[in-house]
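Undergrad: Shown below is the structure under consideration.
The values are calculated or read from the model by the stated rules, or taken from the named source; none is laboratory data. These numbers come from a predicted model, not from an experiment. Backbone-built Cβ (ideal geometry, glycine too); neighbour counts: all protein chains shown. The protein model used for the area step is the full one, side chains on, heavy atoms only, and it has no ligands, DNA or RNA in it. Shrake-Rupley method; radii C 1.70, N 1.55, O 1.52, S 1.80 Å.
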Amino acid sequence: MAVSEVRRLRPDVVLMDVRMPEMNGLDAARVILSAGFDPPVRVLMLTTFDVDDYVYEALSIGASGFMLKDAPRRNSSVRCGWSRTARRFSRRPSPAD
(Lines give C-alpha, C1' and ligand atoms only; values in the text may rest on other atoms or scores of the structure.)
Protein backbone atom coordinates (compact mmCIF):
# COMPACT_ATOMS: atom_id res chain seq x y z
CA MET A 1 0.00 0.00 0.00
CA ALA A 2 2.81 2.46 0.84
CA VAL A 3 4.44 1.95 -2.54
CA SER A 4 1.17 2.41 -4.45
CA GLU A 5 0.41 5.59 -2.49
CA VAL A 6 3.82 7.03 -3.37
CA ARG A 7 3.20 6.23 -7.04
CA ARG A 8 -0.22 7.90 -6.83
CA LEU A 9 0.66 10.97 -4.73
CA ARG A 10 4.30 11.62 -5.77
CA PRO A 11 5.34 13.23 -2.46
CA ASP A 12 8.63 15.04 -1.96
CA VAL A 13 9.35 13.13 1.27
CA VAL A 14 8.11 9.81 2.66
CA LEU A 15 8.28 9.04 6.38
CA MET A 16 8.57 5.25 6.37
CA ASP A 17 8.27 2.98 9.38
CA VAL A 18 10.65 0.02 9.38
CA ARG A 19 7.89 -2.34 10.53
CA MET A 20 4.71 -2.38 8.45
CA PRO A 21 2.03 -5.05 8.00
CA GLU A 22 2.15 -6.01 4.28
CA MET A 23 5.74 -5.18 3.28
CA ASN A 24 8.44 -4.09 5.71
CA GLY A 25 9.52 -0.48 5.39
CA LEU A 26 13.02 -1.31 4.21
CA ASP A 27 11.67 -3.32 1.27
CA ALA A 28 9.12 -0.60 0.49
CA ALA A 29 11.84 2.06 0.62
CA ARG A 30 13.99 -0.05 -1.70
CA VAL A 31 11.13 -0.19 -4.25
CA ILE A 32 10.39 3.54 -3.94
CA LEU A 33 14.03 4.59 -4.19
CA SER A 34 14.69 2.40 -7.22
CA ALA A 35 11.54 3.48 -9.09
CA GLY A 36 13.28 6.39 -10.79
CA PHE A 37 10.81 9.14 -9.84
CA ASP A 38 11.63 12.55 -11.29
CA PRO A 39 12.17 14.47 -9.11
CA PRO A 40 13.39 11.77 -6.73
CA VAL A 41 11.33 10.93 -3.66
CA ARG A 42 13.29 11.24 -0.40
CA VAL A 43 12.71 8.58 2.27
CA LEU A 44 13.23 9.17 5.99
CA MET A 45 13.04 5.94 7.99
CA LEU A 46 11.41 5.86 11.43
CA THR A 47 11.43 3.09 14.01
CA THR A 48 11.22 2.29 17.70
CA PHE A 49 13.96 -0.33 17.29
CA ASP A 50 17.49 0.91 17.93
CA VAL A 51 19.11 -1.70 15.68
CA ASP A 52 22.30 -0.83 13.79
CA ASP A 53 21.47 -3.27 10.99
CA TYR A 54 18.27 -1.32 10.20
CA VAL A 55 20.20 1.96 10.04
CA TYR A 56 22.92 0.47 7.85
CA GLU A 57 20.45 -1.16 5.46
CA ALA A 58 18.25 1.96 5.21
CA LEU A 59 21.18 4.21 4.39
CA SER A 60 22.75 1.69 2.01
CA ILE A 61 19.56 1.52 -0.09
CA GLY A 62 19.46 5.30 -0.34
CA ALA A 63 17.28 6.53 2.52
CA SER A 64 18.01 10.16 3.34
CA GLY A 65 17.92 9.62 7.08
CA PHE A 66 16.95 7.38 9.98
CA MET A 67 15.27 8.52 13.17
CA LEU A 68 14.11 6.78 16.33
CA LYS A 69 10.48 7.47 17.19
CA ASP A 70 11.26 7.74 20.88
CA ALA A 71 14.16 10.18 20.51
CA PRO A 72 13.70 12.90 23.13
CA ARG A 73 12.36 16.14 21.63
CA ARG A 74 14.53 18.22 23.94
CA ASN A 75 17.71 16.53 22.77
CA SER A 76 19.48 19.34 20.89
CA SER A 77 21.31 17.03 18.50
CA VAL A 78 18.03 15.44 17.44
CA ARG A 79 16.39 18.84 17.09
CA CYS A 80 19.35 20.27 15.12
CA GLY A 81 19.57 17.18 12.96
CA TRP A 82 15.86 17.39 12.23
CA SER A 83 16.15 21.10 11.40
CA ARG A 84 18.94 20.45 8.90
CA THR A 85 16.97 17.58 7.40
CA ALA A 86 13.80 19.66 7.19
CA ARG A 87 15.64 22.53 5.50
CA ARG A 88 17.27 20.18 3.01
CA PHE A 89 13.89 18.62 2.17
CA SER A 90 12.04 21.95 2.04
CA ARG A 91 13.21 22.66 -1.50
CA ARG A 92 13.42 20.58 -4.61
CA PRO A 93 17.01 19.92 -5.64
CA SER A 94 18.23 21.87 -8.61
CA PRO A 95 19.85 20.00 -11.50
CA ALA A 96 23.24 21.04 -10.09
CA ASP A 97 22.54 19.33 -6.69
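Undergrad: Does Leu26 fit the bill of being part of a strand (DSSP E or B) and out of contact with any Pro (no Cβ under 7 Å at 6 or more places or on another chain)?
TA: Judged against the criteria, Leu26 is not a match.
Undergrad: Regarding the stretch 64-86, can at least one residue be identified that is exposed (fewer than 11 other Cβ atoms within 10 Å of the Cβ), at pLDDT 90 or above and within 14 Å of the chain's Cα centre (by Cα)?
TA: no
Undergrad: Which of the residues spanning the stretch 26-39 are free of Cβ contacts under 8 Å to residues at least 24 places away in the same chain and surrounded by 11 or more Cβ atoms within 10 Å (Cβ to Cβ)?
TA: Matches in the stretch 26-39: Asp27 only.
Undergrad: Kindly check whether there is at least one residue in the stretch 42-51 that is modelled with pLDDT under 90, more than 19 Å from Lys69 (Cα to Cα), open to solvent by 60 Å² or more (accessible area, probe 1.4 Å) and assigned to a loop (DSSP other than H, G, I, E, B).
TA: no
Undergrad: Do any residues in the stretch 55-79 that are within 13 Å of Met16 (Cα to Cα) have Cβ atoms under 8 Å from those of residues that are in a loop (DSSP other than H, G, I, E, B) and at pLDDT 65 or above, where the two are at least six apart or on different chains, and which pairs are they?
TA: Ala58/Val18; Leu68/Thr48; Leu68/Asp50; Lys69/Thr48
Undergrad: Okay, moving on. What tally of residues in the stretch 18-45 results from selecting those that are in contact with a Lys or Arg (Cβ under 8 Å, 6 or more places away or on another chain) and under 14 Å from Leu59 (Cα atoms)?
TA: The number of residues fulfilling the criteria is 1.
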